[in-house]
Amino acid sequence: MLKEFYFNKFDNRKPYQAIPDSKIRTLLFQFCGIFTIMLGISYLNWRWQHSLNYEALWFSIPLVAAETLSFIGTVLLVINLWANRDPKQEPPVHYLSDIENLDERPDRPLKIDVFIATYNEDVELVRHSIVDAKKITYPFQDVNIKIFVLDDGRRDGRDPSKENMKTVAEEEGVKYVIREHNAGYKAGNLKNALELTSGDLFVILDADTRVFPEFLMNTSGYFRKKQVAWVQTPQWFYDLTEAEKASDIIKSKLKLSNRIINRTVDFLFGKVKLNDDVFGNDPRLFYDVIMRRRNYYNAAFCCGAGSIHRREAVMSLAVKDFAEGIKKLGEDLARQHKKTSEILEQTNALLLSQEIIPFKFHASEDIYTSIMLHADTENKWESIHHPHIECKMLSTQDLDSRIKQFSRYACGSLDIAFRDNPFFKKGLSLGQKLCYFNTIWSYFAPLWLIVFLLSPIVFFFTLVPPVSAYNFDFFKHFLTFQIMNTITVTLGCWGISTKRGNQYYISSFWFMLVALFSAAKGEKVKFNVTPKDRPLAKNTQHIIPHVVIIALTLLGIAYNVVLLVTGNHPTASGFAANAFWCLFNLFSLSIMIRATFYKPIDTSQK
């Protein structure tokens, strides 16, 4: 019998359906996107030329520079969401000839491997993933589908203090694979598995990835196109925190027992709901909008799990890198005027010592390997983002885990930006470069977010405006651009709420800033395995910057109100504009504080 976990009660949740494509909505988005960019250019032109406060350039220039950097992100977003091109879904493949040119080789039924990568997760949690993988259905009985547990924790019984993953794999009748080191983290784990297996296609799953039976039925057909290197499916977190009635939260916190008071609280707050996806884990906006639209540019990248790959593609990349390494060594030695015998000796030594690495050894091996495959001009590999959910996964269940996970994504992407920026990568198309750069640019956001958060506070305490005047001209330019930008984003993200995403985009400024400085200094990126349990820890250290900004903001508003009441405030319109700005900031920062102290309410006693 499978072990009970907190997420078992969510097993009956049904995944969302992909938003239906609409050519009319796409045309409206494109029109509004162009209009937004035009208005943004006009607004920034006005800001730089006519609105600077020359008596306070120390304040005025950082703000307009932050607006300019933010606008670059707006342009990249419009480009990313420009059009939708869902691939045609093909019937599942049967023979090797369906996916490869045989070149006089004998044909045979396909071999497909399913890899479940694990490190230190509860072995019974991994059992859930194994059981679901065993339920995968396929219409051709002669297609050999094998399941492998790739245990990088070496839990094979040698250490009595560890759970025995090998025993679980044997009990479930699947293959068990380990290695004696952890070089390359997950990428190294996958490399080791590829050396020991022979599947023509292989599926990558994490320890908590539970595939639906039709996974291969719905994805393998894409490989009929022989340039397709991998297919990524949306990651759906089925255990997201549920919305709770504000009245239930109040009664639980205050331990109210009086029936009349309880009914009053229900009447006043019963329709207000809070804490839905309190940790900002829902990836629907990313997969159903951003990644899905990248099919248009052949720029959808692998996201680490819930994907199926062509062995030929990743091995071709490995061989290419291996050959280029040998060639580079030879060229370097020749430039140093080494003797031919010495060149041959060192080249042969490298041939014997260097390993063929199919996945880039990196904390963000998924996106890095994707970039390299897309840049392969010889094979012209393509990627596909499948629009429909084919598996379910677990989300982080406390703020500390969420921040560690996001920080790893940020540090990995920024490390790629500083070391091997895709914008300058030969072989990538312009569309691919812009899409990859859009992903990386989003991690530079703290550079302008910190300015947006602190600017109202600076105004409140110095009474120095960052613009020449808060007059009609300012609001005319600012509001028209912001309103059109909001309409554009709404059309681009049609049917999907952006509220929680916007909140975390702003409230993540601090640990994104830390990640940015870490990557800029060249610090080694740590590969943190995301916990799959539910610790519900209070991680107050993460919200100190948020509390400080909120306190200063509220104090600044109170100070300015006093000045207004006493008739000593120099610009009421400036106060109104900055106060409104602060409401948005406070709303965004508050979510991380709520997440820090979040604990599901227990209504079982009601």
Worksheet entry | Those residues of the range 68-94 which are of a type in the set (K, R) and in contact with a helix residue (DSSP H, G or I) (Cβ under 6 Å, 6 or more places away or on another chain), in sequence order | R85
Worksheet item: If you take the residues of the range 574-585 that are out of contact with any Leu (no Cβ under 7 Å at 6 or more places or on another chain) and surrounded by 15 or more Cβ atoms within 10 Å (Cβ to Cβ), which of them is nearest to I543 (Cα to Cα)?
Response: C582
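Would you call P139 in a loop (DSSP other than H, G, I, E, B), surrounded by fewer than 21 Cβ atoms within 10 Å (Cβ to Cβ) and either hydrophobic (A, V, I, L, M, F, W, C) or more than 31 Å from the chain's Cα centre (by Cα) (or both)?
Considered against the rule, which asks whether it is in a loop (DSSP other than H, G, I, E, B), surrounded by fewer than 21 Cβ atoms within 10 Å (Cβ to Cβ) and either hydrophobic (A, V, I, L, M, F, W, C) or more than 31 Å from the chain's Cα centre (by Cα) (or both), P139 comes out as yes.
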Discussion item. Criterion first (under 30 Å from C391 (Cβ atoms) and at pLDDT below 95) does S22 satisfy it?
Written reply: yes
Worksheet item: Failed condition for I79, given (1) out of contact with any Cys (no Cβ under 8 Å at 6 or more places or on another chain); (2) modelled with pLDDT of 95 or more; (3) buried (at least 17 other Cβ atoms within 10 Å of the Cβ), with all others met?
Response: (1)
Item to complete: Looking only at the range 408-426, decide whether some residue is of a type in the set (S, T, Y) and in a strand (DSSP E or B).
Response: no
Fill in: Positions within the range 174-196 being over 16 Å from D156 (Cα atoms), surrounded by fewer than 17 Cβ atoms within 10 Å (Cβ to Cβ) and not aliphatic (A, V, I, L, M), in sequence order
E195
Discussion item. Looking at S220, S257, S252, S247 in this structure, which one is polar (S, T, N, Q) and part of a loop (DSSP other than H, G, I, E, B)?
Written reply: S257
Worksheet item: From S429, S383, which residue is touching a residue at least 60 places away in the same chain (Cβ under 8 Å) and touching a strand residue (DSSP E or B) at 6+ places or on another chain (Cβ under 6 Å)?
Response: S383
Item to complete: Answer yes if at least one residue in the range 434-446 is under 16 Å from V64 (Cα atoms) and among the aliphatic types (A, V, I, L, M), and no otherwise.
Response: yes
Worksheet entry | Which numbered condition K271 misses (of (1) in contact with a Ser or Thr (Cβ under 9 Å, 6 or more places away or on another chain); (2) surrounded by 15 or more Cβ atoms within 10 Å (Cβ to Cβ); (3) modelled with pLDDT under 90) | (2)
Fill in: Failed item in (1) farther than 25 Å from D288 by Cβ; (2) outside the structural domain of L516 (by TED's automatic domain parsing); (3) touching a residue at least 12 places away in the same chain (Cβ under 8 Å), with F424 passing the rest
(3)
Discussion item. Anything in the range 142-172 that is assigned to a loop (DSSP other than H, G, I, E, B) and free of Cβ contacts under 8 Å to residues at least 24 places away in the same chain? List them, or say none.
Written reply: D156, G157, R158, D159, P160, S161, K162
Fill in: Number of the exception - L110 against (1) within 23 Å of G221 (Cα to Cα); (2) surrounded by fewer than 21 Cβ atoms within 10 Å (Cβ to Cβ)
(2)
Item to complete: Tell me which residues, restricted to the range 51-100, are more than 25 Å from L447 (Cβ to Cβ) and outside any loop (DSSP other than H, G, I, E, B).
Response: Y95, L96, S97, D98
Discussion item. Can you go through E104, E100, E124 and tell me which one is assigned by TED's automatic domain parsing to the domain that holds N218 and within 30 Å of the chain's Cα centre (by Cα)?
Written reply: E124
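The values are calculated or read from the model by the stated rules, or taken from the named source; none is laboratory data. Keep in mind the model is a prediction, meaning the values are calculated, not measured. Note: ideal-geometry Cβ built from the backbone for every residue, glycine included; neighbour counts use all protein chains shown.
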